[in-house]
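So the structure is just underneath, and the comments pick up after that.
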Amino acid sequence: MNRREIILGGASAVAVLGATGLSAQQPAEVLIGAVYQMSGASAQVGVDAQHAFDTALDIINNAHDIDLPLAKNAGLAGLGGAKVRVIVADHQGDPQKGRAEAERLITREKVAALIGSYQSAVAVTISQTAERYQVPFLSADNSSPSLHRQGLKFYFRAAAHDEMFSKAMFDFFDGLRQKGHKIETLALFHEDTIFGTDSANAQQKLADERGYKIVTNIKYRANSPSLTAEVQQLKTADADVLMPSSYTTDGILLVKTMGELGYRPKAMVAQDAGFSEKALYDAVGDKIEGVISRASFSLDLAAKRPSVGKINEMFKARSGKDLNDLTSREFMGLLILADGIDRAKSTDGEKIREALTATDIPGERTIMPWKRVKFGPDGQNLDADPVLLQWTGGKFVTIFPQSAAIAEAKWPMNA
Amino acid sequence: MTLQGLAQILASGLLMGLIYALIAAGLSLIFGLMDVVNFAHGEFLMLAMYATFGIVAATALDPVLAAPLVVGAMFVLGAFVYLAVIRHAMRAKANIGMVQVFATFGLGITIRGLAQHLFTPDYRSIQTSWLSGRTLDVAGVFLPLPQLLGGALSCLSFVALYFVIRRTDFGRALEATREDAGAVALVGIDKNRVFALGWGLGAALVGIAGSVMAIFYYIHPDVGAPFALIAYVTVALGGFGSIFGALAAGLLVGLVEAVSATILEPSMKAIGIYAVYLVVVFMRPRGLFGNL
């Protein structure tokens, strides 16, 4: 914007104000702060999240004939039709910057609530800051189970956490065992921040309980220049199932290095993150035909929930991509948060918190495979059923649980 | 661990080490020439990778054939950066060291920001090339062809550098300018010209590394950072300004990384590198081959 545009803009604003006579009835704007990584290694996640939020804002601020919360009328009815605006802040993947940005959004931008943040490690500091200022934080796409166990009152998560996801994986393994498949040994491969370690701990626990042997458990350094030695260890172990918990960069390097070292895992079941990203499948999808990833979302749900297709089209028009596991949760997260503010009829943190606690949205009114959205006392939605997807022929197909499955799983992926 | 497994780890470590050395060579060259540490070195690497990706995407040329174009472009970029930025930073009256640090650091951040704006932060990778995904199997030890090419080019580059520095007029001018930038003016050597060529050469070296790495690594605006960090350690370990020290140190870093990822927990493999670095700095503060 150059100087002339600013002056013109200011002049027209004054004209508009004059015309409407500064009517006090104009509903105020409700601000929500989104803390995401907008620069650095995972910046694409932040950029995509912004498109998801813009799609959600379109639903909230305009009238749509879609069966989702807040779609029917324009703006928040509970606040006299107030529009919602999202302010995006960049946490750069750094928990300390996440804390600072959350604080800035609350104290300077006066946001009514926060949403975030992809990396679980950053969600820890954001959730604690939100708690201190008594502002609700909706954890849209963080999956670490330790987040809702911090004893926070202003923390909410509508989606599943890694223990629920890992449980779905082991339920799936149990089912395969009953059908006569041999699954004895597992190899864990996880990155060294809270996401990877929590995921591996959950998997270790479930494996012990259900009688699977973990033959190797590799904790690697995130964004390593090389993963050769790590993959060599995976190759030596040659477990029945390789279970990676990796972000996109490491996921791509893992698959490329496996190819270079001639290691074809018998089966791969991934803890989402990088393995739900289009970039990974663009880069190495052909090398891992049949890989399975847990997910909160799948496009073939459109067969059961018509809103999925419509929202996907709206999102795709903005981003050029299909909704994925992350963007679907970000979209839904913002709707749930705005729905809470709408019912609170206030932008006061405590009132919004109370309204969110009373949330009860049936699964049919979401774009997710969830049974419903209802937060427990720790802020976790226990009815967020995860699904398992298999990458076949260039797309994801839901294979688990039976109620959502579109196809039978191909097992093992490399026979 | 089997003997074969051990051989694999050593071979992979050496191949990676040769690439680390190649990345560090340009950094070391520039430092040796004019005592400037280029904190935008990782971004140079990133630009070379994007340039390779761009040429491959636009012309469907194989990345191996695109490499000479990329290296040429990086040479021009390096010389341009010297003339447009560094030359002015060196005119500072006070605190010249800090001015240079901030100039290159700021340049790095600017390049990264521009890359994110222009190329988007999405991850790219080159899908098809003659070499990608192809591996040489030597008695169960897998040697990926792209890394082999990287190693070979790294060795060739060091041989070529040796000849350029020791046997050509340009090399002698480089050495002389580094000894006394004021005195060379008296014998008709243009200091700025030598420095610009030095920067061009340094950037071209990292361009070679970038165009090979684009075949087997993912590409995004921040891809240079972890490699640049290793390059700084490599240069300090080998001795500031010693190009062949960079070769030895690069190999050492590659090996130590591979071995410590195997015997320690892989998340701690960087500790091995820094432990060796600390030991060397304690015993020999100027680095393995430093002559400062």
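Here are a few things to note about the model shown:
- For segment B:250-266, taking the residues that are more than 9 Å from every other protein chain (Cβ to nearest Cβ) and surrounded by 24 or more Cβ atoms within 10 Å (Cβ to Cβ), the one that is farthest from B:Met213 (Cα to Cα) is identified as B:Val253.
- Taking the listed residues B:Trp130, B:Trp199, the one that is more than 12 Å from chain A (Cβ to nearest Cβ), in contact (Cβ under 8 Å) with a residue 24 or more places away in the chain and part of a loop (DSSP other than H, G, I, E, B) is B:Trp130, with no other qualifying.
- Checking A:Gly262 against (1) on the phi > 0 side of the Ramachandran plot; (2) more than 10 Å from every other protein chain (Cβ to nearest Cβ), the condition it does not meet: (2)
- Residue identified as in a loop (DSSP other than H, G, I, E, B) and either touching a residue at least 60 places away in the same chain (Cβ under 8 Å) or not assigned by TED's automatic domain parsing to the domain that holds A:Ser319 (or both) among A:Leu57, A:Leu70: A:Leu70
- Only one of the numbered conditions (1) modelled with pLDDT of 95 or more; (2) farther than 30 Å from A:Pro95 by Cα; (3) within 14 Å of chain B (Cβ to nearest Cβ) is violated by A:Leu188, and that is (2).
- Qualifying residue in segment A:187-204 (condition: of a type in the set (Ser, Thr, Tyr), in contact with a strand residue (DSSP E or B) (Cβ under 6 Å, 6 or more places away or on another chain) and within 22 Å of A:Gln119 (Cβ to Cβ)): yes
- Test: residue in segment B:216-228 that is within 14 Å of chain A (Cβ to nearest Cβ), over 30 Å from A:Lys287 (Cβ atoms) and in a helix (DSSP H, G or I): no
- Residue within segment A:216-226 that is of a type in the set (Lys, Arg) and either closer than 26 Å to B:Val253 by Cβ or in the same structural domain as A:Ser146 (by TED's automatic domain parsing) (or both) present: yes
- The set of residues in segment B:100-136 being of a type in the set (S, T, N, Q) and modelled with pLDDT of 90 or more consists of B:Thr104, B:Thr110, B:Gln116.
- Residues that are within 11 Å of chain B (Cβ to nearest Cβ), charged (D, E, K, R) and closer than 24 Å to B:Leu136 by Cα do not occur anywhere in segment A:265-279.
- Odd one out for B:Leu247 among (1) away from chain A (no Cβ under 14 Å); (2) over 22 Å from B:Gln147 (Cβ atoms); (3) not in a loop (DSSP other than H, G, I, E, B): (2)
- Of B:Gly78, B:Gly108, B:Gly72, all but one fail to be touching a residue at least 24 places away in the same chain (Cβ under 8 Å), closer than 23 Å to B:Leu27 by Cβ and within 14 Å of another protein chain (Cβ to nearest Cβ); the exception is B:Gly108.
- The requirement of being within 14 Å of chain B (Cβ to nearest Cβ) and in a helix (DSSP H, G or I) is fulfilled somewhere in segment A:214-228, by at least one residue.
- Any chance A:Gln380 is closer than 23 Å to A:Gly274 by Cα, modelled with pLDDT of 90 or more and touching a strand residue (DSSP E or B) at 6+ places or on another chain (Cβ under 7 Å): no
- Candidates A:Val373, A:Val387, A:Val397 - the one that is of a type in the set (Val, Ile, Thr) and under 22 Å from A:Arg149 (Cβ atoms): A:Val373
The values are calculated or read from the model by the stated rules, or taken from the named source; none is laboratory data. Note that this is a predicted model, so its numbers are computed, not measured. Positions of Cβ are backbone-derived with ideal geometry, glycine not excepted, and every protein chain shown enters the neighbour counts.
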